[in-house]
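S.K.: Here it is, the structure, as structure tokens.
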Amino acid sequence: MLRTMWRIRAFEERVGRLKRSDEVHGLIHLSTGGEGVAAAVCGQLRDGDVVYSGHRAHGHVIAKGAPLPETMAELMGRAGGLCRGMGGSMHLVDVAHGMLGATGVVGGTVPAALGSALAARMRRESTEGEDTVSVVFFGDGAVQAGTFAESVNIAALWRLPVVLVCENNGFAEFTPRSAHTPVERVSDLVAPWGITAATVDGNDAVAVWEEFARLLAGVRAGDGPALLEALTHRLRGHYEGDPDRYRDAIATEEWQQRDPVLRLERTGIAHGWFDTDEAKAVREAAHAEVEDAVTWARESPWPTPELAASLVYGS
Ligand SMILES: Cc1ncc(C[n+]2csc(CCOP(=O)(O)OP(=O)(O)O)c2C)c(N)n1
Ligand SMILES: [Mg+2]
């Protein structure tokens, strides 16, 4: 988990710098501060399980196993990218690793994740031992989109093997949660549908791991959908370049003390899971891997107009 979190942190820090030097294109939303959720959830998934995400997707894509060079190349708009440079940061897809879709349409992938879950449930009826699941990551703002309620309803009715993972960072763009909904806890919303739900400290990766493990076991066993709400805070602005004047700087500083990556380092060292040198080696290896990914991406060619045309379906 520590390795995954450092790979995400190092990748996104580098992406932030590349955005400022104009080497990555389009709006960039970093998940800095939320790495524990991606690592704890995806760390328990198998190859056949699938994940979906939204506009803040880098961490989920990396945690599910997408290679860093191709992911970096995608953000740079190169032909060697995951989507051949056609998608960019908000449209990352890596079918080979079960990352089936990210989108800039807030809430847009929640119903799509149900499609994969329905397919899994249909396979389950005909294949002994089939227990793959579908997982969708979304923010607290997405919960107010109509697609969320529609999806929860049908997922519960059809007992679909889907885990809804809400990263509740208390903001939707520049709007605090209290200004767009009277509901404080997302996990409270799904009780009428009989969906098992839990809220967890999203900055405590071990706690996320344990809570997700419990929910995942039920979903794999065929109990129907589950929802995990992870309370967290984005340590960067909504997008790279956001002057971030709408948040209390003190609160962000307090959250920095709860940085999930450093926290897992401290916990792991205290428990003897690894020592200081091993933690340092993990951190350094992640940074080196990211530098190699940047070098690889820079050498990747630009897509041609012919390539773009060949990827258009329909006429
Ligand atoms: C359907 C739709 N409505 C509005 C927007 C504009 N928009 C982009 S991000 C965002 C806020 C999303 O908040 P949340 O789901 O909490 O995710 P976070 O950015 O906090 O991770 C909004 C409203 C959009 N992209 N799509
Ligand atoms: Mg949010």
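S.K.: Between Val105 and Thr276, what is the label-point separation in nm under the 7 Å Cα-to-beta-carbon projection?
M.R.: Spacing of the two 7 Å Cα→Cβ label points: 5.2 nm.
S.K.: Tell me the mean residue ellipticity at 222 nm calculated for the chain from its helices only (DSSP H runs of n ≥ 4, each -39500 (n - 2.57), averaged over every residue, nearest 500).
M.R.: Working: 11 runs with 138 residues, N = 315.
The per-residue figure over the chain is -14000 deg cm²/dmol.
S.K.: If contacts are Cα pairs under 8 angstrom and at least 6 residues apart, what is the relative contact order of the range 110-203 in percent? Can you show the working numbers first?
M.R.: Details: 104 pairs, mean separation 27.0, N = 94.
Computed over the range 110-203, the figure is 29 percent.
S.K.: To continue, here is another question. If amide hydrogens are placed 1.01 Å from N in the peptide plane, which non-local residues have theirs closer than 5 Å to the one on Ile28?
M.R.: The list, which skips near neighbours in sequence, is Glu240.
S.K.: In nm, what is the difference between 0.36 nm times the number of residues separating Thr267 and His180 and their Cα-Cα distance? Mind dumping the intermediate values first?
M.R.: Details: separation 87, 0.36 × 87 = 31.32 nm, distance 3.57 nm.
Stretched fully, the Thr267-His180 segment lengthens by 27.8 nm.
S.K.: Now a separate question. Step through the residues of the range 169-184 one at a time and calculate ³J(HN,Hα) from phi using the Karplus curve (6.51 cos²θ - 1.76 cosθ + 1.60, θ = phi - 60°), rounding each to whole Hz and writing x for Gly and Pro.
M.R.: Coupling constants for the range 169-184: 9, x, 9, 10, 6, 10, 9, x, 3, 5, 8, 10, 7, x, 8, 7 Hz.
S.K.: Gain in length, Arg159 to Arg46, computed as 0.36 nm per residue apart minus the alpha-carbon separation, to one decimal in nm? Before the final figure, lay out the partial values.
M.R.: On the way: separation 113, 0.36 × 113 = 40.68 nm, distance 2.05 nm.
The Arg159-Arg46 span can extend by a further 38.6 nm.
S.K.: A follow-up question, please. In whole angstrom, and with the biggest value first, how far do the Cα coordinates of the range 146-228 range along each principal axis?
M.R.: 39, 31, 18 Å, listed from the longest principal axis down.
S.K.: Which residues' amide hydrogens lie under 5 Å from the amide hydrogen of Thr175, considering only partners 5 or more residues apart or on another chain, with H built in the peptide plane?
M.R.: Here the answer is none, since no amide H 5 or more places off falls under 5 Å of that of Thr175.
S.K.: What percent do you get for the relative contact order of the chain when only Cα pairs under 8 Å and 6+ apart count? Mind showing how you got there, number by number?
M.R.: Values: 601 pairs, mean separation 75.0, N = 315.
Reported as a whole number, the value is 24 percent.
S.K.: To the nearest 0.05, what FRET efficiency results for Ala79 and Ala145 with a Förster distance of 35 Å applied to their C-beta separation? Please report the intermediate quantities before stating the final value.
M.R.: Numbers: r = 33 Å, r/R0 = 0.96.
The pair Ala79/Ala145 has a calculated efficiency of 0.55.
S.K.: Now, a different point. In nm, give the distance between the simple-model label positions of Ala96 and Met122, each being 7 Å from the Cα along the Cα-to-Cβ direction.
M.R.: 2.7
S.K.: Sort 60-69, 143-152, 99-108 by packing, meaning the average of other beta carbons within 10 Å per residue, with the highest value first. Mind dumping the intermediate values first?
M.R.: Numbers: 60-69: 23.5, 143-152: 18.1, 99-108: 20.0.
With the highest mean Cβ count within 10 Å placed first, the list reads 60-69, 99-108, 143-152.
S.K.: Please identify the DSSP H helices in the chain that span no less than 18 Å along the helix axis (Cα) and have a mean Kyte-Doolittle hydropathy of 0.5 or more. Each step should come with its number before you reach the end.
M.R.: Working: long enough: 2-20 (27 Å, -0.90); 109-126 (26 Å, 0.08); 205-220 (21 Å, 0.81); 276-299 (35 Å, -0.74).
Span-like helices in the chain: 205-220.
S.K.: Moving on. Restricting to the range 142-256, what percent of DSSP beta bridges are antiparallel, rounded to 5?
M.R.: On the way: 2 of 14 bridges.
Antiparallel bridges: around 15 percent, rounded to the nearest 5.
S.K.: Name the long-range amide H neighbours of Gly101: under 5 Å, sequence gap of 5 or more, or other chain; modelled H, no Pro or chain starts.
M.R.: Placed amide hydrogens put Ser53, Asp94 under 5 Å from Gly101.
Readers should treat all values here as calculations from the given coordinates under stated rules, not as data from a laboratory. What you are looking at is a predicted structure, and each value in this text was computed from that prediction instead of being measured. Here Cβ is always computed from backbone atoms with ideal geometry, including for glycine, and neighbour counts include all displayed protein chains.
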